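Heads up: the structure comes next, in structure tokens.
The values are calculated or read from the model by the stated rules, or taken from the named source; none is laboratory data. Note that the coordinates shown come from a computational prediction; the quantities given were computed from them, not determined experimentally. All Cβ positions, glycine included, derive from the backbone under ideal geometry; neighbour counts span all protein chains shown. For accessibility, only protein heavy atoms count, side chains too; no ligands or nucleic acids. Shrake-Rupley method; radii C 1.70, N 1.55, O 1.52, S 1.80 Å.
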Amino acid sequence: MKTLDVTSAGGTYPVYVGRGILKDPEALAKYLPFGKRKVLVVTDDGVPSDYTRAVLSVCPEGEIVTLPAGEGTKSLSSFELLLSRMLDAGFTRSSAVCAVGGGVVGDLSGFAAACYMRGIDFYNLPTTMLSMVDSSVGGKTAIDFHGTKNTVGAFYPPRAVLIDCDVLKTLPARQMSAGLAEAVKMALTSGATFFSLFENETLPAWEEIVLRSVAIKAKIVGEDEKEAGLRKLLNFGHTLGHAIEAAEGLSGLLHGECVALGMLPMCSPAVRKRLLPILDRLGLPTAFPKDTDRMFSYLTYDKKRAGDKISAVFVDEVGKGYLRDTTIDALCERVTEYLASTEGETK
Ligand code: GLY
């Protein structure tokens, strides 16, 4: 088991990364020291029930809430349901919430923990590659509100994050690829050596990908927890990615797939040349949706926009992402030029 510490305004918390922890009750009890406390174990119906049962074995006073899988669960009604369950079961300030799932479960449960009685302990066991490498670390919790993503939330660091890479064995291949897009994002902006590992014939072991991603994230959020500057680097690929996601709607691409596409126009041609074969190898898309006008219209809703200005992340050199103010028009032009330059090349 490896431990990486993450510093936040409220103190330092550990991110434990290893394998087989969920099958080892003694280790689990050490990393999740619930004792006799009441614990709300939150999961979704896409997560194998063995994982939550393992967590329950170390908290006899725990109760499981299983929500429907999908972004729709990051809602005010799910939030209310979690709070009601805690209130009805007599949860106090010394009780805890434990998420067992992907980013949706983690964000929602963390926010419920942040709000119940002004904040109770929150533990996170991410079960997807995306939540392991990104969303479980850094203390961002939120729900979606009135059709807008993550509008209601709080910075609320967990007590601990416990990552058992063995759970990735049951993760569908497409979900795995989408999560790896976020790891590639970390490497492109902040880890040149890490990036070169993705260029090798064989993909690095899951544990190594998770450890390197968490190390990058820990360093960034340690310096800029509330996203005043440096943390914005983690939004690389997301400005265009969110616009693609919104334009594609429910039937479209996964978040990580949109981020993969969103990174491409933001790279220099030399960086893109190295990125494209990696995305291909990881089974990520490299061709933009045909209706770019629809995507451009969604860009105007980007929350990072102030007037016509938008703050975006660029990568001209692998491992050295940087933030620069630009305009929506300039960004649309950049995408158009990129698409013209790749006509017939990407599939
Ligand atoms: N997922 C980006 C961040 O945590 O800041």
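Check off (1) more than 27 Å from G249 (Cβ to Cβ); (2) in contact with a Phe, Trp or Tyr (Cβ under 7 Å, 6 or more places away or on another chain); (3) open to solvent by less than 10 Å² (accessible area, probe 1.4 Å) for V55 and give me the number that stays unchecked.
Every condition holds for V55 apart from (2).
As an exercise: evaluate F79 against (1) open to solvent by less than 10 Å² (accessible area, probe 1.4 Å); (2) more than 21 Å from Y16 (Cβ to Cβ) and give the number of the one condition it does not meet.
All conditions pass for F79, except number (1).
Determine, yes or no, whether A287 is under 25 Å from S311 (Cβ atoms), open to solvent by 10 Å² or more (accessible area, probe 1.4 Å), more than 16 Å from the ligand (Cβ to nearest atom) and in contact (Cβ under 8 Å) with a residue 40 or more places away in the chain. Talk me through it step by step, then tell me what you get.
Values: under 25 Å from S311 (Cβ atoms): no; open to solvent by 10 Å² or more (accessible area, probe 1.4 Å): yes; more than 16 Å from the ligand (Cβ to nearest atom): yes; in contact (Cβ under 8 Å) with a residue 40 or more places away in the chain: yes.
When the stated conditions are applied, A287 does not pass them.
Exactly one of these conditions fails for A181: (1) under 30 Å from I64 (Cβ atoms); (2) within 14 Å of the ligand (Cβ to nearest atom); (3) open to solvent by less than 30 Å² (accessible area, probe 1.4 Å). Give me its number.
(1)
Which condition from (1) open to solvent by 30 Å² or more (accessible area, probe 1.4 Å); (2) more than 16 Å from the ligand (Cβ to nearest atom); (3) in a helix (DSSP H, G or I) is the one that E63 breaks?
(3)
Looking at (1) away from the ligand (no atom under 16 Å from the Cβ); (2) within 20 Å of L253 (Cβ to Cβ); (3) of a type in the set (D, E), which is the one condition that is false for D166?
(2)
If the requirement is being within 28 Å of M1 (Cβ to Cβ) and without any contact (Cβ under 8 Å) to a residue 60 or more places away in the chain, which of these qualifies: D88, D45, D107?
Result of the check over D88, D45, D107: D107.
All but one of (1) more than 16 Å from the ligand (Cβ to nearest atom); (2) open to solvent by less than 10 Å² (accessible area, probe 1.4 Å); (3) within 17 Å of the chain's Cα centre (by Cα); (4) hydroxyl-bearing (S, T, Y) hold for T127, so report the exception by its number.
(2)
Filter the range 130-150 down to the residues that are open to solvent by less than 60 Å² (accessible area, probe 1.4 Å), near the ligand (Cβ under 9 Å from one of its atoms) and within 19 Å of A112 (Cβ to Cβ) and list them by number.
S135, V137, G138, G139
Since T327 meets every condition but one in (1) modelled with pLDDT of 95 or more; (2) closer than 16 Å to P265 by Cβ, which condition does it not meet?
(1)
Which residue out of E71, E63, E26 is of a type in the set (D, E, K, R), farther than 30 Å from G249 by Cβ and at pLDDT below 95?
After ruling out the rest, the residue left standing is E26.
Quick one: would you say E207 is among the charged types (D, E, K, R) and at pLDDT 95 or above?
Against the criterion (among the charged types (D, E, K, R) and at pLDDT 95 or above), E207 qualifies.
Regarding F34, is this residue in a loop (DSSP other than H, G, I, E, B) and over 24 Å from L168 (Cβ atoms)?
It is true that F34 is in a loop (DSSP other than H, G, I, E, B) and over 24 Å from L168 (Cβ atoms).
Out of (1) without any contact (Cβ under 8 Å) to a residue 40 or more places away in the chain; (2) out of contact with any Ser or Thr (no Cβ under 9 Å at 6 or more places or on another chain); (3) over 26 Å from R212 (Cα atoms); (4) exposed (fewer than 15 other Cβ atoms within 10 Å of the Cβ), what's the single condition that is false for E71?
(1)
Kindly list the number of the only condition in (1) without any contact (Cβ under 8 Å) to a residue 40 or more places away in the chain; (2) in a helix (DSSP H, G or I) that fails for L22.
(1)
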